[in-house]
Every structure is written in structure tokens, then in C-alpha cells.
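Below is one structure, written out as C-alpha cells; comments come after it.
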Amino acid sequence: MMTDKQIVDKLIQRDNKVTDEFFFTRCRPLFITIIRFVFSYPVDYDEFVNERFESVQASVRNAYINLLRRKTMPQISVIVPVYKVEKYIHRCVDSILAQTFRDFEVILVDDGSPDNCGAMCDAWAQKDSRIRVIHQQNGGLSAARNTGIDWVMAESHSHWLAFVDSDDWVHPEFLQQLYTAAEQTLCKISVCGF
């Protein structure tokens, strides 16, 4: 099964070919016409257009790639450190998956839990493509959170991070309320009580 990152990379490769064809068949002739209209004095059009066209093409391609990533990657990454919570983890994960806000991924960081938590996390990941599992040696709660953050920074293009402790559960509108408040106020952090 391909990861989201691999899917985006494959789409980008395909779309680079498509955008190149689009640029050379549609945009370049229009660009040349505009340049000829704007400049009433003699100019080496081909040289001028080739220089400008490559930079315009790169800018549009980058904007398109960013748009593509935004459409295929989640808005929020929910990081859950997991250690010795076999009795509670079901309620935690179920409450996250039941969110009214649907554009998220869950990163379960198994912090070397000696109980059955690692296998339980793997089982959830098999059932729901939004769940990612990271297994590591026990390093403590902060290390597990940092591992989740590192994974998101390297593998995801989400815009927000959320943290939930594995022995807690969240209200169905937890993500929706925090996301809406942050987007409406243009703040960089959104916090709530429990």
C-alpha cells in the first residue's frame, strides 16, 4: 500500500508532464503575444520569452504542487503517545476517529509499551488509513511526542498539530472547535480546557 507522500509524489510526476505540455502548447504562445504587444521597440523575443517563461512556469508548477498537497494531505495531525494504556486506548482512539472534523490523521507513537498496545495500534492502522503507527524504545512521554512531531515534519504536510493523551478521550467537536477558532482568529495556537 502506498503512503500519502508516495501518492502525492506520483501525482506530481504525472502532473509535471501534463503541465509541461499545457505550458508549451497553450501558455507560451500567449506569453509571446503579450510580450510583443507590451514592447513596441525591437526585442529579441525568443531570448526574452525563454528567460521569463521558465521562471513563470516554475512558479505556476510550484503553486499547483502545493495545491495538490493541500488536497491530499490532512489539515491536522493528531499525535498520541502510547504506553501501558491497554485499558484506555480503545476509548481514546475511538473518540478521535469519531470527530465531526474529518480532515485529520492520527499518529500513534508506541513508546515501547510492554503490554499489547503496540499490536492494538497496528490493528487500528490496518482498519483506518488515517492512522499511522510508530514503534520506538521507551523514552518517556516527551520523547514520544517529539517522535510524532518529527514524523509529521518529515512525512506530512498538515497545517496543525493536536496532542491527545492515550488515557483520555475527546469530545466529538474537539478538532472542529479548535480548528475553527484558529482559522477565524488567524492565531498560531489554539488551546482548550478538558
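The values are calculated or read from the model by the stated rules, or taken from the named source; none is laboratory data. The structure presented is a predicted model; accordingly, all values stated were derived computationally and were not measured. A quick note on method: Cβ atoms are made from the backbone with ideal geometry, for glycine too, and the neighbour counts reach across all protein chains shown. All accessible areas refer to the heavy atoms of the entire protein, side chains included, with ligands and DNA or RNA removed. Shrake-Rupley method; radii C 1.70, N 1.55, O 1.52, S 1.80 Å.
Computed from point charges on the beta carbon alone (+1 for Lys and Arg, -1 for Asp and Glu), the dipole magnitude for segment 94-165 about its Cα centre is near 160 Debye.
Net length available on complete extension from residue 177 to residue 149 is 7.9 nm, with 0.36 nm assigned per residue and the Cα-Cα distance removed. For segment 123-194, applying the loop criterion from DSSP together with a ceiling of 14 other beta carbons within 10 Å to the trypsin sites (Lys or Arg not before Pro) yields 188.
Lysine pair count for segment 63-194 (Cα-Cα distance under 23 Å; residues 8 or more apart in sequence or on different chains): 4.
Measuring with a 1.4 angstrom probe and ignoring ligands and nucleic acids, residue 167 comes out at about 80 Å² accessible. Ligands, DNA and RNA aside, residue 113 has an accessible area near 20 Å² when probed at 1.4 Å.
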